[in-house]
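Enquirer: Take a look at this one; I'll ask things after.
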Amino acid sequence: MTAASVTRLLSGFPQRLPGLRAVYEDLHAHPELSFQEFRTAGVVAARLREQGWEVTEGVGGTCVVGVMANGEGPVVLLRADMDGLPVEERTGLPYASRETAVDGDGQEVPVMHACGHDMHVTCLLGATAQLAAGRAEWRGTVVAVFQPAEEVGGAPAMIEDGFLERFPRADVCLGQHVSPAPVGLVGTRPGPVMAASDSLRVRLFGRGGHGSTPETTVDPIVMAAAVVMRLQTVVSREVAAAQTAVVTVGSLHAGTKENIIPDTADLRINIRSTTPAVRDRVLAAVERIVRAEAAASGAPKDPEIDGINSFPVTVNDERATGTVLTAIGEVLGAERVFTLPQTLTGSEDFGVFGTALGVPSVFWHFGGADPALFRHIAIEDVLKDGLPDAVPANHSPLFAPVPDPTIRTGVTALLAAAAAWLCGEDDRASDPRES
Ligand code: ZN
Ligand code: ZN
């Protein structure tokens, strides 16, 4: 059974946990924006070298790839992402971030690990340490990928930088994300697990002038307000109730002073969808509304609409997902492993690896929230109805996974999933290439 191998692979882990916790707190205190993960990459590369991995730095930006070849056997890709977000941390933790950085628009912004990617790096470094120390327990090759810029879709930059040709080609790709579910729980689903995401930048053109004589102007702020409100009807009026889509205007900037009507207004819009048909429909509706509201306002010039980034739906291979859920359940306990009832509206670029390699991939979520926040709430109700309000979710300035046992859960889940390919004799998927 793989469970026995994983137990042996975890030997020595309790002694390594304080060190890992220190890595986590250090990474958390020093988050970096997408494609600026130089310090983080340095920490990762140094640790991997200490552990005995063959290390390559600077793939597609700041990516660090660790390779360990350990005899004949499957090639397993394990992936963690490294970037933080422009969010001002309000957790009050002793290791809270006070960092700032200059973003792509030249603005100085606060930076926080508000999505928990510091936890992903820590857990993968924990797993690589156990794999290196427990080489006698497994056969095959592990490719540990510490990816930059997940928040803006950094995976394609690695593919463009020759990732597929430069490293052993994986038979399966495995990745995980910390979530606001109670710590100790793991969940995923076969098929579409995370939504597609499309981000757009929109510039609306008006004609500026004095705030006292609006009749001589075309006010882009009123135009933008109408666009924002009308966009709320896309999901409610144009997407079927049984379908899933989200339209969010996350940024709206116009003007400098109360008595000046500006020339332009800038919006940033994010769209989530779970099928190509819904995606096409929502994107078309957003463009139609932006152009029509500009025309309705008498805009002197058509709006500019540009794509910022686009993530495909993350699809879990059916058979490999069963293998992973069984393997994690054998180690953590089947009662801690859940099949998610629906596709999550969050998005990921993890699927890019499996798609580019043409092999199965599996992505799962592991809880990091203090179970006390879920007192009297059954996890089945959370899966059905969503999180209680008191639990800060990813991207919140209050998002704060409990370091331990979240680290232990994440390391164990990675090792259990990888062991299903690396340690299995007859009980694992016999040839992962078939699935
Ligand atoms: Zn995120
Ligand atoms: Zn994330």
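Please treat every number below as a calculation from the coordinates, not as lab data. Remember, predicted model here, so these are calculated numbers, not experimental data. In this analysis, Cβ positions are derived from the backbone assuming ideal geometry, glycine residues included, and neighbour counts consider all displayed protein chains.
Enquirer: Which order do the peptides 289-299, 181-191, 385-395 take when ranked by the mean count of other beta-carbon atoms within 10 Å per residue, highest first?
Expert: Descending packing order for the listed peptides: 181-191, 289-299, 385-395.
Enquirer: If I model a spin label as a point 7 Å beyond the Cα along the Cα-Cβ vector, how far apart are those points for Thr256 and Glu160 in nm?
Expert: 3.4
Enquirer: Next up: Note down the nm distance, to one decimal, between modelled labels 7 Å out along Cα→Cβ at Ala390 and at Asp404.
Expert: Using points 7 Å along Cα→Cβ, the separation is 2.6 nm.
Enquirer: Would you look at the GNM of the chain, springs on alpha carbons closer than 10 Å, and say which of Pro110, Pro148, Pro360 moves the most?
Expert: Pro110
Enquirer: Report the FRET efficiency, 1/(1 + (r/R0)^6), for Arg375 and Ser212, where r is their Cβ-Cβ distance and R0 is 51 Å, rounded to 0.05.
Expert: Once the sixth-power term is evaluated, E becomes 0.35.
Enquirer: Also, quick follow-up: Taking the dipole about the Cα centre of the chain, with the C-beta of Lys and Arg at +1 and of Asp and Glu at -1, give me whichever of Asn394, Val218, Gly66 is farthest to the positive side.
Expert: Asn394
Enquirer: So who's got an amide H within less than 5 Å of the one on Ser361, skipping anything under 5 residues away but keeping other chains? H placed 1.01 Å off N, in plane.
Expert: When sequence neighbours closer than 5 places are left aside, the close amide H contacts are Cys173, Asp317.
Enquirer: Could I ask something else about it? Excluding Ala45 itself, calculate the net charge of residues whose Cβ lies under 13 Å from the Cβ of Ala45, where each Lys or Arg counts +1 and each Asp or Glu counts -1. Intermediate results must be reported in sequence, preceding the final value.
Expert: Details: positive: Arg39, Arg47, Arg49; negative: Glu37, Glu50, Glu54, Glu57.
Taking every other residue near Ala45 into account, the sum is -1.
Enquirer: Would you mind checking the radius of gyration and Dmax of the chain based on alpha-carbon positions, in Å?
Expert: Calculated on Cα positions, Rg and Dmax stand at 23.2, 80 Å.
Enquirer: I want the antiparallel fraction of DSSP beta bridges within the chain, as a percent rounded to 5.
Expert: For the chain, the DSSP antiparallel bridge percentage is about 70.
Enquirer: Tell me, what ³J(HN,Hα) does each residue in the range 185-196 have, in order and in whole Hz, if you take phi through Karplus 6.51 cos²θ - 1.76 cosθ + 1.60 with θ = phi - 60° and put x for Gly and Pro?
Expert: Rounded to whole hertz, the list is 9, 10, x, 6, 8, x, x, x, 10, 9, 6, 6.
Enquirer: Report relative contact order for the range 196-311 in percent, whole number only (criteria: Cα-Cα under 8 Å, sequence separation at least 6).
Expert: Computed over the range 196-311, the figure is 45 percent.
Enquirer: Select from Thr122, Thr314, Thr100 the residue whose mean-square fluctuation is largest in a Gaussian network model of the chain (Cα-Cα springs shorter than 10 Å).
Expert: Taking springs between Cα atoms under 10 Å, the residue moving most is Thr100.
Enquirer: Something else about it: Can you pull the one-decimal nm distance between simple spin-label points at Ala46 and Gln243, each 7 Å off the Cα toward Cβ?
Expert: It works out to 5.1 nm between the two label points.
Enquirer: Please tell me the relative contact order of the chain in percent, rounded to the nearest whole number, where contacts are Cα pairs under 8 Å and at least six residues apart.
Expert: Dividing the mean separation by the residue count of the chain yields 24 percent.
Enquirer: Now a separate question. If amide H atoms are built 1.01 Å from N in the plane of the peptide, which residues on other chains or at least 5 residues away come under 5 Å of the amide H of Met194?
Expert: Those qualifying (amide H under 5 Å, at least 5 residues apart or on another chain) are Thr314, Leu344.
Enquirer: From the backbone phi of the range 80-96, what are the Karplus-calculated ³J(HN,Hα) couplings (6.51 cos²θ - 1.76 cosθ + 1.60, θ = phi - 60°) in whole Hz, Gly and Pro given as x?
Expert: Per residue, the Karplus-derived 3J(HN,Hα) values read 10, 9, 10, 8, x, 10, x, 10, 8, 5, 10, 6, x, 5, x, 9, 5 Hz.
Enquirer: Moving on. Taking 30 Å as R0, compute the FRET efficiency from the Cβ-Cβ separation of Leu383 and Arg319 and round it to 0.05. Could you put the intermediate results ahead of the total?
Expert: Numbers: r = 23 Å, r/R0 = 0.76.
Result of the calculation: an efficiency of 0.85.
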